[in-house]
Structures are given as C-alpha cells and as structure tokens.
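Here's the structure we're looking at; comments come further down.
The values are calculated or read from the model by the stated rules, or taken from the named source; none is laboratory data. A quick note: this is a predicted structure, and the numbers were derived from the prediction, not measured. Don't worry about glycine lacking a Cβ; one is built from the backbone with ideal geometry, like all the others, and counts go over all protein chains shown. Side chains are part of the model used for accessible areas, which takes the heavy atoms of the whole protein and leaves out ligands, DNA and RNA. Shrake-Rupley method; radii C 1.70, N 1.55, O 1.52, S 1.80 Å.
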Amino acid sequence: MSENAGGQRWWQGAVLYQLYVRSWLDTDGDGYGDLAGIIARLDYLCWLGVDGIWLSPTMPSPDEDWGYDVSGYRGVHPDLGSLEDLGRLIAEAGARGLKVLLDLVPNHTSTAHPWFVDAAGSRDARHRGYYVWADPAPGGGPPNNWVDATGRPAWTWHGPTGQYYLHLFLDSQADLNWHEPAVHAEFEQIVRYWFDRGVAGFRIDVANGLYKDAKLRDNPPAAAPDRLGARFGQQMKYSANRPETHAVFRDWRQIAEGYRPPRLLLGETWVGDLGSLAGFYGHDDELQLAFNFPFVFARFTAQDLSRVVGATLARLPAGACPAWTASNHDVGRFPTRWCGGDERKVRLALLVLATLPGTTVLYYGDEIGMTDVAVPPALRRDKMSREGDGWEGSRDRARTPMQWDGSPSAGFTADGVTPWLPCGDAAARNVAGQRRDPRSVLRFCRALLDLRRAEFAGTVARYEMLPAPEGQWAYRVGGLTVVANFSGWPAALPCPAGEVLLSTAERPSPRAPLGAWEGVISRT
Ligand code: NOJ
C-alpha cells in the first residue's frame, strides 16, 4: 500500500493548514470566528497554496476546553454555525481542490455529554462502562497517583454513585473507557458519519492516550524532566501510551481506506521517543500521519533539527510519510519559540518546513510570521493554564485573532466588537499589507508552497543529508538542494551549485556565500 497509485495518498508532499476556527474570521459580530468566515476566506487559502485545512474542534461543547470537551459528536457548535454550514464549507472547499479535516476527540468527552450524564445517574446505567470509574484506594482517597493536565489528581469523587471518575485533562473532561467494546462501536459510527459527509480525515486528539492500564497501576516517577513523556514529575506509563491503542487505529484505518479518496488519520502523538512515534504507523496499517513533537521542541539549530529529521526518517517504516509542524494551539508559535520574532529566522524556518519530505502542517498566521501574544490575565480564556503561569504559559498566546489587516480589530471582526481574545501586532504584520508587498514573508511563503507543490505533490521525496560545517544544514530532497545557515554570520559553505530557485534573502550575486540566517533552495 505504500505506493501512491492514482494519487490516492493525497497527503504525501501536501501542506495542511491548521485553522483555529474561533480566531479565523467573525462574520456574525459575536467576537468569535465561525464557519462562514472560513468559507469567506477559502480563496485566500487557495491563493496561499495549501492542500487542506484541519479545523480545531467544531462539535458542540460547553467550551471548558474550547471544543476539546465534546458534548455531541455528530453536530456543529452553534457559535460556529450549523451542520449545513459545514456541508457548504466542505463542498466549497472541494470545488477549489481543498480537503477539510476535523478534530476528533476520542480520549474523553465533556461531562455534559449525554453518555456521561447517563453514566453518572447510577452504577448500572447503560453508559456507566463508557467511562473509567474506580473505588477509593484502600486507605481512602483517589484510586492511584495519576495527575491531570493541571497537576491536580486525575480523579474526581462522584458522591451520588460513590466512585471516582478519571480525567486526564480538566475535571469536566471525563476519560472514556476504551476497554469497553461499545465505545469502539460508537466511534466507528462517528468516524463513518463524518467520512460519509465528505470529511477528508481527522486530526486525532490525544492519540497516544486512549487506553489506560486495566489495573490502574501508579505511574512511576520520571527519571528526568521530560516534556513529552512525563507530567508533573510522573512518567505517563500507565495513564497513557498503552499498547492496546494501536488496535483502535488499525480498525479506523480499514474504515478510512474503504473510502475514495482514502480518508486521512493524523494523530496527535505526544511522545518523545521516535521509536514510539514510528509505532503509530504500524505496518502501514495504523495512522497515515503522526505529529512529530520532538521536532517541534528541538532547538532552532542546524544540529538539533537535522538530527531529529535524520533520526525520524531512519525510524519510520519504509514508505511512511513524516509529518512536520512547528506551531499549534498548545505549543505556541514558532516565530516566537524558534525565532524570537526575527524575520530572517522566520523565513529560514518556513524554508525548512516547506522542503522537508512528507507532509507539512502550517498553523494559521505562520505564513505572515505571527508571533505569540501576551494576553493579560484578565483576558485569558484557557482554563488549562495554571495560576501563576506567565503569559508564555497560557495557551491563549497562540490563539489570538488572525491578522487580516492593520485595523484595531485586525480585520477579524467588525469595528466596535470585542474579539474573544485580544489581537496581536496587526499593524506590524497582517495579510493585506504582506499580500501587497512582493518581499513579504507571506509572498515568500506562497512561493515556497508553489515550489513544494511543483516538486513534491503526491510523493514523499527522497532526503539525503549533505556534509556541512557546524551551524549549517545542507540536504538534497527530491531534485532540490537546500542549504540553511543557522548562524548570525556568513556561512562557510558556498551557495549550492545549480540554479537558485529561492532564497530567504536578497542575494548580492548568484554564487555569493549565504548570509546570516539565510537559506537557499537550488535545483541540482
Ligand atoms: C490536546 C489538544 O490539542 C489540547 O488543546 C487539549 O486541551 C487536550 N488535547 C485535551 O483535549
């Protein structure tokens, strides 16, 4: 199945675009982005040159975690629009050759979901077994030492039925019990429901977390600080990362491959070791794409990034398609994390993202170099950031309105309407201004995507690292040579031979050595 017969593996070589719906474009003046706003800007996305969009959660939800607390898996959140709007969006996107992926949240539901409401009704309720309930520990208190995403115990006491329920995120997000066959049956129907409606695939939330240890054993302490494998000093050995989860994806993959074109399963695989990451591809029978967080959290150096890329490609099974991203609604924006707002570095990062083999996922605003926004405590909307976290710790920093123009509301909403989160530096960085400026980051990004499509569409290009002095990264990918200077001084490495197709900077002469933070793509 690894060859791309008839372009069936449409995600290979593609660029997907993560669109945080509530922050994209508000068309009804309530301060929240909506589905109509996405339809209104499909032409922009086509102009930019992306192949598909992944929408942050669109399903009904009390919004304790902005849609990651689902209260109905077959609908659309009324703040965003209706099922008809989503149908229209899929049709209008399809007419432009754009795929639409939804965010699927199978690890937990909102406690407002009818399944949980029923389950909480009595110990023998029909849906009781859909969730993870447990008696107190022998000495009293929570059944084990697991902690939730806020650092508190992952168990909440439910007085009326005299048991604890599990929640690995907020206490309003009850974890589903994947040991229960009926949960599998429910999700298989949900997956088909959306595929039947033309949804091109799912980004799967907490993909490594679905199953929990059947014996609910205590998590061991983490040996060392580990952002991906540990939580508040605990190794997430029993509360996530269980081997049984792979069977779920094998089932869903069969469903996905039964559609034409095949539907895509893109996992939020929050794992630190690349062997585990590779495991999510199975024998080409699980996820077709798995997010690579070691890449996201690598330092912005030639050495670290090239090491992660090389090690990833070495670990992935033959024919597997890597997925690269650098920003999202949880981890923040790369123009801040990697680049400290330095536009030279932003261009270099975009050049690398656009030339890596596999699938690249951009986050809305990456293309104009949008940076994280310091959201004052009084305006924060994310309940998962903790008291005392500075603004860098609040996920709101990367969820602010798309900067369409330089007006006070950034062109996101009507004048006089308060957006749900404050706007960033829209006067300095916005789509309208950058579209007009042939030297802008946006125009550069568009040129990169153009080149990527022409060179890589439908394939996972062959990647080969080339020798380079410290601070520089050189590689051949498909028919291109890329040289990237990750240093603030001119590169020792000469500009590659062959025609220079794109550079992050103005080149004084075709063969001039690379300048500080310059990257060059040439044809070999
Ligand atoms: C990962 C999502 O990306 C994040 O935003 C959310 O809070 C958790 N999963 C829980 O669903």
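Points to keep in mind about this one:
- Nearest-20 debye value, segment 345-422 charge dipole, Cβ charges on Lys, Arg, Asp, Glu: 180
- Relative protection proxy for 289-296, 309-316, 112-119, from highest mean packing down: 289-296, 112-119, 309-316 (other beta-carbon atoms within 10 angstrom).
- Mean shadow area of the chain, taken as a quarter of the surface of its Cα convex hull (nm²): 23.8
- Segment 94-130: trypsin sites (Lys or Arg not before Pro) in DSSP loop, at most 16 other beta carbons within 10 Å: Arg96, Arg123, Arg126
- Distance between segment 440-500 and segment 278-317 - C-alpha centres, whole angstrom: 19
- Within the accessible area of segment 16-77, the carbon and sulfur atoms contribute 47%, probe 1.4 Å, all protein chains present.
- A Cα-only calculation for segment 1-107 places Rg and Dmax at 14.6, 47 Å.
- Dipole in debye (nearest 20) - segment 114-175, about Cα centre, beta carbon charges: Lys, Arg +1; Asp, Glu -1: 60
- Calculated [θ] (222 nm, deg cm²/dmol) that DSSP helices of n ≥ 4 give over the chain, each run adding -39,500 (n - 2.57): -7000 deg cm²/dmol
- When the P(r) is computed for segment 239-355, the part past 25 Å accounts for 29% of the Cα-Cα pairs.
- Surface exposure of the chain, expressed per residue as accessible area with a 1.4 Å probe, stands at 37 Å².
- For segment 427-480, with all protein chains in place and a probe radius of 1.4 Å, 48% of the accessible heavy-atom surface sits on carbon or sulfur.
- Neighbour-limited loop hits for chymotrypsin sites (Phe, Trp or Tyr not before Pro), segment 393-444 (at most 15 other Cβ within 10 Å; DSSP other than H, G, I, E, B): none
- Working ranking of peptides 63-72, 46-55 by packing, defined as the average number of other Cβ atoms within 10 Å per residue, highest first, is 63-72, 46-55.
- Put Lys345, Lys383 in order of accessible area, highest first, and with a 1.4 Å probe you get Lys383, Lys345.
- When you count the other C-beta atoms within 10 angstrom of each residue and take the mean per peptide, 323-334, 181-192, 511-522 line up highest first as 323-334, 511-522, 181-192.
- Inverse mean reciprocal Cα-Cα distance (Kirkwood Rh) of segment 367-464, Å: 15.6
- Rounded to the nearest 10 degrees, the inclination of helix 181-196 to the longest alpha-carbon principal axis of the chain is 40 degrees.
- Over segment 462-523: Kirkwood hydrodynamic radius from C-alpha pairwise inverse distances, Å: 11.3
- Computed in the context of the full set of protein chains, the accessible area of segment 114-175 at 1.4 Å probe radius has 54% of its extent on carbon or sulfur.
- Acute angle (nearest 10 degrees) that the helix 302-315 long axis makes with the longest principal axis of the chain, alpha-carbon atoms: 60
- Here the contact order of segment 243-316, divided by its residue count and restricted to Cα pairs under 8 Å and six or more residues apart, works out to 30 percent.
- Between segment 210-233 and segment 331-399, the alpha-carbon center distance in angstrom: 27
- Leading residue at positive end of dipole, the chain (Cβ point charges), from Met384, Ala230, Tyr17: Tyr17
- Restricting segment 366-402 to GluC sites (Glu not before Pro) in coil, as DSSP defines it, with at most 13 other Cβ within 10 Å: Glu387
- Contact order, relative form, for segment 114-175: 28 percent (alpha carbon pairs under 8 Å, 6 or more residues apart, mean separation divided by residue count).
- Only Lys, Arg (+1) and Asp, Glu (-1) charged, at Cβ; segment 1-118 dipole about Cα centre in debye: 560
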